[in-house]
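Remarks on the structure that follows.
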Protein chains: 2
Amino acid sequence: MKAEEFPDKYKVAVIGSGNWGSVAAKLIASNTLNYNIFHDEVRMWVFDETLPSGEKLSNVINQTNINVKYLPGIELGRNVIADPDLHTTVRDANMLVFVTPHQFVDGVCKRLAGKLRGDVEAISLIKGMEVKVDGPHMISSVISKQLGVNCCVLMGANIADEIAEEKFSEATLGYSENKEVAERWARLFATPYFAVTAIQDVEGVELCGTLKNVVAIAAGFVDGLDMGSNSKAAIMRIGLNEMRAFSKRLFPSVREDTFFESCGVADLIATCFGGRNRKVAEAFAIHGGKRPFKELEAEMLQGQKLQGVSTAKEVYEVLESNRWFDSFPLFRTIHEICIGSIPPSAIVHYKAEVHPSSLQQKSVS
Amino acid sequence: MKAEEFPDKYKVAVIGSGNWGSVAAKLIASNTLNYNIFHDEVRMWVFDETLPSGEKLSNVINQTNINVKYLPGIELGRNVIADPDLHTTVRDANMLVFVTPHQFVDGVCKRLAGKLRGDVEAISLIKGMEVKVDGPHMISSVISKQLGVNCCVLMGANIADEIAEEKFSEATLGYSENKEVAERWARLFATPYFAVTAIQDVEGVELCGTLKNVVAIAAGFVDGLDMGSNSKAAIMRIGLNEMRAFSKRLFPSVREDTFFESCGVADLIATCFGGRNRKVAEAFAIHGGKRPFKELEAEMLQGQKLQGVSTAKEVYEVLESNRWFDSFPLFRTIHEICIGSIPPSAIVHYKAEVHPSSLQQKSVS
């Protein structure tokens, strides 16, 4: 059935088909079949590529129902249609799920501007920021401004492959005003193994999802240097507190409770123990910072992108332009390690609250 | 030199000589040598035992300067004196560090009552609660009440063996009123690799240190069942939130910020990834709950005690007597798994915020 036959049903398009995009399409596809308010078909935009077999990825997905490159072995649902054409993907849709690498968002939005249905709602699953001359822009606000649409976000402790295997996970949906729209998005994503909580703090949720990748780089350094559980926990704690402070400086509306949601402490934990940022940063530290991240990324991630290093750079630019270095020593240090200015071992700053130098010392005999 | 020759110097006794007690003695001993305000000698009470060699543990510690049973390979400092006699250990001391297993605190305090110096201050490094007819009692308040002394607490992401190896760690010192006393304790413990932050929330700090062991049991179940990073992060997040809610119900004075200190989120992380509670709970889950904790503890811990299981029972008793089960589903579930009422797999409750049953379902063809 075509969307125009059921004009009152919500029609979903997923823009992006990487690892997380494919898992999102799988979650969504099970719900559009289950709930009458949604049109069954989920159209997924594939930035097409030719596989070693000579076939187009989009064709293989439509033939096998599996994204053989980015989510091998997992059926997406027969109602997921891979589409290499961005415009036909979104033409009938009024629920747009953005899940591209964050450096592609600008270009995609430019191509979509003025070509969408009038009743479109958007949600971003993308981690990252854009830092421009006038300051940092969250991805959701880039989408929102360029397309003139409302944009929610979905973040959380969501290692994609585990959700694909239907292991229990939680996620946080951030919205700005319209609770009804947020609940519709939650309905589209939530399954018995994927628990979605909606909270009214779109900036807080998105900043958590974005900044945790920076902390995960630090966690990877600690792992690579074999500093132990206490050091790793300390660095993650300091990182969480810099995430809180940074978020509140950018957006005073950010809520403290947000950091206790899945997008906050839980995503930080999952990413610092199980994610790709941690893994590549560990390798970087093991090699003593001698092999650049670009090289390790290409070698270790099979085409997936590393968000933490570029976000660390963006955060550094914000700190620099606002003269905030003193308040964010960990964020500053992470970027300086990433670009090779200081060694990975600099990640642990010994900052005892009691400074021995201020006390009378014994002359030890 | 004897303490009475320098009556103005603080004299420290460490009550307990297990793994953490020995590391604490090592930290303290380096500082009593360094700072003039402390008497050099650190007397450590050893609940004596005969080693396989036939020698007394206390004698071996004094001969080798190493606690060969509970902290092998690490020199404690020549100014640490192992003493099998509780009364001579504390006789000259006015700074008492309590670091026994929590089930021994009552008995130790009974033996000490009325036999201490008039200017004694205490600090507890012990995790656990005592649940009596009139409600729960924190260890610091048991010490405080039985001995009529002020009692601070020191908690944090402190896997003992890593601190023994001088890997970087943080800790939180909780105090109730006297900041000057708290700073003196911080001075006694802090080293360049052990950063101590003092905060005015003794109950919050102690409850963090106590309750995190319960959450670590849950984390161990998730590991044993191979549920993945997302599930583990979700369970830890839910656990942290139950810790916050439970602490605030018991003591409304507990501060939200405390959970962002080392004693809170950092200790939770370290304990859920590196500690003994996690390890034994993992084995329990791997065996499908068929082998009781007592048996696994004896087999896996070489005489160390498992706090999480007994604390889970104590928490359960508090929930039961206050009819708080509905607000603490995770804490309740953990204890019920520990005693074998329900299987380890019950640790993951699928609690999607959006309940499919409340929506109109499609009849799937």
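Structure summary
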{"item": "Condition broken by residue A:317, with the remaining ones in (1) within 20 Å of the chain's Cα centre (by Cα); (2) assigned to a helix (DSSP H, G or I); (3) within 24 Å of residue A:19 (Cβ to Cβ) satisfied", "result": "(3)"}
{"item": "Unique match (being modelled with pLDDT of 95 or more, assigned to a helix (DSSP H, G or I) and not β-branched (Val, Ile, Thr)) among B:109, B:152", "result": "B:109"}
{"item": "Qualifying residue in the range A:242-263 (condition: touching a strand residue (DSSP E or B) at 6+ places or on another chain (Cβ under 7 Å), modelled with pLDDT of 95 or more, away from chain B (no Cβ under 13 Å) and within 30 Å of residue A:11 (Cβ to Cβ))", "result": "no"}
{"item": "Qualifying residue in the range A:57-75 (condition: assigned to a strand (DSSP E or B) and under 29 Å from residue A:113 (Cβ atoms))", "result": "no"}
{"item": "Sole residue being surrounded by fewer than 24 Cβ atoms within 10 Å (Cβ to Cβ), within 12 Å of chain B (Cβ to nearest Cβ) and in contact with a Gly (Cβ under 8 Å, 6 or more places away or on another chain), chosen from A:203, A:165", "result": "A:165"}
{"item": "Any hit, the range A:169-185, residues being touching a helix residue (DSSP H, G or I) at 6+ places or on another chain (Cβ under 9 Å), surrounded by fewer than 24 Cβ atoms within 10 Å (Cβ to Cβ) and in the same structural domain as residue A:273 (by TED's automatic domain parsing)", "result": "no"}
{"item": "Criterion violated by residue A:176 - all others in (1) at the interface with another protein chain (Cβ under 7 Å from one of its Cβ atoms); (2) part of a loop (DSSP other than H, G, I, E, B); (3) under 24 Å from residue A:100 (Cβ atoms) satisfied", "result": "(1)"}
{"item": "Scope the range B:186-200; condition more than 7 Å from chain A (Cβ to nearest Cβ) and surrounded by fewer than 20 Cβ atoms within 10 Å (Cβ to Cβ); matching residues", "result": "B:199, B:200"}
{"item": "Residue list for the range A:112-142, filter: in a strand (DSSP E or B), among the small types (Gly, Ala, Ser) and at pLDDT 95 or above", "result": "A:122, A:124"}
{"item": "Checklist (1) outside any strand (DSSP E or B); (2) modelled with pLDDT of 95 or more applied to residue A:170, failing item", "result": "(1)"}
{"item": "Per-region count, the range A:206-237, residues touching a residue at least 40 places away in the same chain (Cβ under 8 Å), surrounded by fewer than 24 Cβ atoms within 10 Å (Cβ to Cβ) and more than 7 Å from chain B (Cβ to nearest Cβ)", "result": "3"}
{"item": "Hey, residue A:277 touching a residue at least 24 places away in the same chain (Cβ under 8 Å) and either assigned by TED's automatic domain parsing to the domain that holds residue A:209 or within 17 Å of the chain's Cα centre (by Cα) (or both) or not", "result": "yes"}
{"item": "Filter result (within 26 Å of residue A:141 (Cβ to Cβ) and either assigned to a strand (DSSP E or B) or in contact (Cβ under 8 Å) with a residue 40 or more places away in the chain (or both)) within the range A:76-91", "result": "A:86, A:89, A:90"}
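The values are calculated or read from the model by the stated rules, or taken from the named source; none is laboratory data. What you see is a predicted model; the values in this text were computed from it and never measured. So basically every Cβ, Gly included, is an ideal-geometry build from the backbone, and we count neighbours across all protein chains shown.
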